[in-house]
Amino acid sequence: MPDRGGGPTGPRIRVGRPSRRVRTLLMTLGVLAVLLMAFVMFAGFWTDWLWYRSVKYSSVFTTALWTKIGLFFVFGLLMAAAVGFNVWLAHRLRPPLSAMSMEQQSLDRYRMGIAPYKKWLLLALTSLVGLIAGASASGQWRTWLMWVNGVPFGQKDPQFGLDVAFYAFDLPWYRFLVGFGFAATILSLIAAALTHYLYGGLRITSPGARATAAATGHLSVLLGIFVALKAVAYWLDRYGLAVKSSDFKATGNWTGLRYVDANAYLPAKTILFCIAVICALLFFATLWRRTWQLPVIGFGLMVLSAILIGGLYPAIVQKFQVQPNEQAKEAPYVEKNLEATRKAYGIDGAKVDEYSGERNTDDVTKLRDDVDKTASIRLLDPNIVSPTYQQLQQIRNYYAFPANLDVDRYKDKDGNVQDTVIGLRELNLGGIPKNNWINDHFRYTHGFGVVAAKGTAADEDGRPVFTASDLPSKNSNGGDLGAYEQRIYYGEKTSQYSIVGGPQKEIDYSDDSGEKTTSYKGKSGVNLSNPVNRAAYAVAFSEPQILYSGAIGEGSRILYNRTPKERVEAVAPWLTIDGDAYPAVVNGKIEWIVDAYTTTNGYPYASRTTLGDTTADSLTAADNQRAVVAQQNQVNYIRNSVKATVDAYSGEVKLYQWDTQDPVLKTWMKAFPNTVKPKSDISPSLMDHLRYPQDLFKVQRELLSRYHVKDADTFLSGSEVWQVPDDPTNRSGDAVPPYYLSMKLPEQNAQAFSLTTTFTPNGRDNLSAFMSVNAEAGAKDYGKITILKLPTGKTVDGPKRVQSQFNSEPSIAESIRLLRGGDSEVEYGNLLTVPLDGGLLYVEPVYVRGGDLKYPLLKKVLVTYGGATAFEDTLDEALNKVFGAEGTTTQPPDESGDTTKPPTSDNPTVQEALTDAQKAFDEGQEALKKSDWDAYGRAQKDLEDALRKADEAQSKADSASGAGKNNEQNNEQDSGKNGDGSSGSS
């Protein structure tokens, strides 16, 4: 060993290599670190594979995986080969260095330094660019699969006559190839130029020629390839104009060609294509001419042409031809945009009917009866009553309901279909008595049971009338869900993994006899009996206890990805998922129903929309779980092509083809065969619960606010632009959500489950139109959109004005103030709009959350029709007051046929008051017939005063006599009802 320091007589310090033990330890640590990183990567891959296999969609995993791997290697190798070949070729074409210049002599040390490692440097360089290019290309796996499996649309664009599939499936892939070609050419050009400079092929400061003939030829070919690719890009840009987005002041966002595109940009792209081809040939010609003079001139002319022809000329056309007569110039292209947009969003079949906004009949009794025939008015607001369900039906703190419940249709025991507000009692980990790893993941694993209530009724205290309630859930009040598996292992609130089926028992539910336990019997999840699986999940979930816990044993299975949207998104990554999955009891199981969409942004001439913005409303703002997840991308074609179900117990995912004509779905079904079941596999019981999806309806209503017109001139003028009104029941400033409601439109013979909304003029609060779609999946007219358009010259109150009238009515305002007394809070429910006999009926439930009650109860109902407003305890009372008549379904006429015969009394004061009341009532009826709302209001006030006077007089008489005749009759009736002599209660 060499000696360091010290003199001949000084101490010697021995410095040498580390000992063998240290080297062995360092090598061992290095190997372990590499193995650990490799296992971490393996764990992510292995757990994904196990999960897809457990849900029986392993083909989705393998197809996507092999596609990514194939693209990674193909394009990675292509990039590496392109760069490596050009570096090798530049080195091969290096000039002799016998007479080096001073510049080359200064570079000599760099050449000498890399000479021993040039092969390794070349390998490292090509590997690096290959890895980057391969990773980028693997991200295009969807684009590749759509190009390979593309199915024709059967529709041609109006400009080039090409099938829409070219723009949706082919053009994106061609653009990727051109982009990859540009990247490969630029990187090759840079690498070749550096190599030529390093080895003398290019000179910067040396006298004489700046480049050798070989370097000139090599670099010219690369530049020629670059310009040739630019020519291809110009040619593709011609077709890209059909799907180009731009701002158009008349319509805002615009997609497709306009006048300046068709008459300036399109010919400009063609001219630039020709110039680029010529310029590329000039660069290739340097292989023989060995000079860059002509190619450089050609390239300069191409750049100048791009500025003048591609930029300045279209601006001149826009300024001097289009702007002076914009409407006439743009009209033909607007017509193309109108037609394409309506087709792309499925609104081309929307029917627009004129609607007067005023009632047609003077028969108030018939009008009152028509209300019950026209709509099953839902008083239970699913977006408000969740706390009521929570308080009355939570049973245990470790259960919870979603913030927004769902509306569905169920039959009662008599076979009658009724709108039902339904929610599941899901697991709430925040309510567990003691949170720890065993409790959170082994003991408390699932929710239990369905809770449902009639949507059109409330009890005398304002509580929901439950048709399925208690724990375990039982039918009540005529409900008939039948027997079903009540355990809920998969739900909207179930976001944490659970380990079930092993030696550790699970809490099932609790009743008067104590806690019941269970053990999962389903086949869902991944088996943890295998130690490799346990180790992989311990790494994947960063939870080492999974590896060694004694609570895991034979039969243990891990459940994760448990929300319905997560599961459907995972098994069908090519679908866009609706923001609101909803549960239904189907064939003895609780099934989550998930609507899914196929989309593209490549439909020519169809205007684009941003899904995340379009589907936002006051509900999504309050509950982010209902928003469309990660959908800020723009699309210009959408179809509800798939209906998916997720079993709440087994987690089984099924995809059903819903839109059998959708070419995008057909394309994905070719890419992932046997993953989507045919529509014929949908059972009748499941079909009963399928409905028109909310997010699609929101997208369509946003487009129909402008695209309900078919005339280009009207569209360009903007005079018929509508807007979705803000939700008047709160101050969020967000759009009013659409509402599900069973109702009958004027053209329909019977009620149908519908999804409804309203429109107001842009910037105003009066009503422009009412929009409804038949949401009943089994109906013949399912998906039919109907718009009732009100006259533009007539002012009909919209939702905001109606709400303002409610709030400003003195008697209503006073009642609201009284309801808010103490600690009470008033909450307005959904403001429902129902077309009725030419007019519009508005109904709004009013809830009170007061005192010690921390949940809302239905206390009042607001109703308005034709300017008459009522604020009563029940819907029937409010309707009777508004129409001035009782419906024959609520009060049959007496033998004389008179439904308004006044009562009599022996008390002269009471009789006088009742006579005044009858007179006021008759005056009100006359005012209604004449539509004299001022007189009607005065009559209603006189009627109220007379009835109050009669009540006060009767109360005094009752106090004086001890008990009046009416009380005696009531007691007799109550005794008769009880039958045992005990006093009754009502």
Given the conditions (1) part of a strand (DSSP E or B); (2) free of Cβ contacts under 8 Å to residues at least 24 places away in the same chain, every one holds for residue 596 apart from (2)
Here is a check on your reading of the model: is residue 301 more than 23 Å from residue 183 (Cβ to Cβ), in contact with a Cys (Cβ under 8 Å, 6 or more places away or on another chain) and not in a loop (DSSP other than H, G, I, E, B)?
yes
Could you tell me whether residue 353 is surrounded by fewer than 21 Cβ atoms within 10 Å (Cβ to Cβ) and modelled with pLDDT of 90 or more?
yes
Only one of 83, 74, 34, 60 is in a helix (DSSP H, G or I) and either exposed (fewer than 11 other Cβ atoms within 10 Å of the Cβ) or on the phi > 0 side of the Ramachandran plot (or both), namely 34
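For segment 558-592, enumerate the residues that are within 20 Å of residue 523 (Cβ to Cβ) and of a type in the set (A, V, I, L, M, F, W, C). It would help to see each step written out before you state the result.
So in segment 558-592, the residues within 20 Å of residue 523 (Cβ to Cβ) come out as 558-564, 566-568, 570-571, 586-592.
Across segment 558-592, the qualifying residues are 558, 559, 568, 570, 571, 586, 590, 592.
Residue by residue through segment 671-683, note down the ones that are touching a residue at least 24 places away in the same chain (Cβ under 8 Å) and part of a helix (DSSP H, G or I). If you could, list the steps in order and put the result at the bottom.
Of segment 671-683, the ones touching a residue at least 24 places away in the same chain (Cβ under 8 Å) are 671-676, 681-683.
Result: 671, 681.
Which count do you get for residues in segment 139-195 that are of a type in the set (Val, Ile, Thr) and without any contact (Cβ under 8 Å) to a residue 24 or more places away in the chain?
We begin by selecting, within segment 139-195, every residue of a type in the set (Val, Ile, Thr); these are 143, 148, 151, 164, 178, 185-186, 190, 195.
If we keep only those that are without any contact (Cβ under 8 Å) to a residue 24 or more places away in the chain too, we end up with 190.
Residues flagged as of a type in the set (Val, Ile, Thr) and without any contact (Cβ under 8 Å) to a residue 24 or more places away in the chain within segment 139-195 amount to 1.
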Is it the case, given these coordinates, that residue 420 is buried (at least 18 other Cβ atoms within 10 Å of the Cβ), of a type in the set (S, T, N, Q), over 27 Å from residue 499 (Cα atoms) and in contact with an Asp or Glu (Cβ under 6 Å, 6 or more places away or on another chain)?
yes
Counted residues in segment 245-289 being β-branched (Val, Ile, Thr) and in a strand (DSSP E or B) come to 1
Residue in segment 76-97 that is nearest to residue 198 (Cα to Cα), counting only those that are under 48 Å from the mean Cα position of the chain (by Cα) and aliphatic (A, V, I, L, M):
83
Here are some conditions: (1) under 28 Å from the mean Cα position of the chain (by Cα); (2) part of a loop (DSSP other than H, G, I, E, B). Residue 395 meets all but one. Which one does it not meet?
(1)
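Every residue, every condition in (1) buried (at least 21 other Cβ atoms within 10 Å of the Cβ); (2) basic (Lys, Arg); (3) under 25 Å from residue 699 (Cα atoms), yes or no:
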{"site": "785", "(1), (2), (3)": "yes, no, yes"}
{"site": "794", "(1), (2), (3)": "no, yes, no"}
{"site": "797", "(1), (2), (3)": "no, no, yes"}
{"site": "822", "(1), (2), (3)": "no, no, no"}
{"site": "845", "(1), (2), (3)": "yes, no, no"}
{"site": "849", "(1), (2), (3)": "no, yes, no"}
{"site": "855", "(1), (2), (3)": "no, no, no"}
{"site": "860", "(1), (2), (3)": "yes, yes, no"}
{"site": "864", "(1), (2), (3)": "yes, no, no"}
Among the residues of segment 728-775, count how many are in a loop (DSSP other than H, G, I, E, B) and of a type outside the set (D, E, K, R).
19
Those residues that are in a loop (DSSP other than H, G, I, E, B) and surrounded by fewer than 22 Cβ atoms within 10 Å (Cβ to Cβ), I need them from segment 425-443; list them, please.
428, 432, 433, 434, 435, 436
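Among the residues that make up segment 492-502, is at least one of them in a loop (DSSP other than H, G, I, E, B), at pLDDT below 90 and surrounded by 20 or more Cβ atoms within 10 Å (Cβ to Cβ)?
Of segment 492-502, the ones in a loop (DSSP other than H, G, I, E, B) are 492-497, 501-502.
Next cut, at pLDDT below 90 only: 495, 502.
From the residues that got through so far, the ones that are surrounded by 20 or more Cβ atoms within 10 Å (Cβ to Cβ) too are 502.
Yes, because at least one residue in segment 492-502 is in a loop (DSSP other than H, G, I, E, B), at pLDDT below 90 and surrounded by 20 or more Cβ atoms within 10 Å (Cβ to Cβ).
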Residues of segment 469-496 satisfying the condition of being closer than 19 Å to residue 396 by Cα and aliphatic (A, V, I, L, M):
471, 488
When restricted to 831, 841, the only residue at pLDDT 90 or above and either within 16 Å of residue 760 (Cβ to Cβ) or not aliphatic (A, V, I, L, M) (or both) is 831
Taking residue 570 as the residue in question, decide whether it is in contact (Cβ under 8 Å) with a residue 40 or more places away in the chain and either assigned to a helix (DSSP H, G or I) or surrounded by fewer than 24 Cβ atoms within 10 Å (Cβ to Cβ) (or both).
yes
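For residue 881, are the conditions met, namely being surrounded by fewer than 14 Cβ atoms within 10 Å (Cβ to Cβ) and modelled with pLDDT of 75 or more?
Working: surrounded by fewer than 14 Cβ atoms within 10 Å (Cβ to Cβ): no; modelled with pLDDT of 75 or more: yes.
Considered against the rule, which asks whether it is surrounded by fewer than 14 Cβ atoms within 10 Å (Cβ to Cβ) and modelled with pLDDT of 75 or more, residue 881 comes out as no.
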Inside segment 451-474, the number of residues satisfying the requirement of being farther than 22 Å from residue 742 by Cα, outside any loop (DSSP other than H, G, I, E, B) and either touching a residue at least 12 places away in the same chain (Cβ under 8 Å) or β-branched (Val, Ile, Thr) (or both) is 1
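So that you can scan it fast, the table gives a plain yes or no per residue for (1) over 30 Å from residue 746 (Cβ atoms); (2) assigned to a loop (DSSP other than H, G, I, E, B):
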residue: 823; (1), (2): yes, yes
residue: 826; (1), (2): yes, no
residue: 833; (1), (2): no, no
residue: 840; (1), (2): no, no
residue: 848; (1), (2): yes, no
residue: 853; (1), (2): yes, yes
residue: 858; (1), (2): no, no
residue: 861; (1), (2): no, no
residue: 871; (1), (2): no, no
I need every pair where a residue in segment 503-525 that is more than 30 Å from residue 56 (Cα to Cα) and touching a residue at least 40 places away in the same chain (Cβ under 8 Å) has its Cβ under 9 Å from the Cβ of a residue that is assigned to a strand (DSSP E or B) and of a type outside the set (Val, Ile, Thr), sequence separation at least 6 or different chains.
509/399; 509/448; 509/487; 509/515; 509/516; 510/516
Extreme residue, surrounded by the fewest Cβ atoms within 10 Å (Cβ to Cβ), among residues of segment 632-658 that are closer than 19 Å to residue 447 by Cα and small (Gly, Ala, Ser):
650
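The values are calculated or read from the model by the stated rules, or taken from the named source; none is laboratory data. In this text the structure is predicted, and so the values were computed from the model without any measurement. Ideal geometry is used to build each Cβ from the backbone, glycine not excepted, and the neighbour counts take in all protein chains shown.
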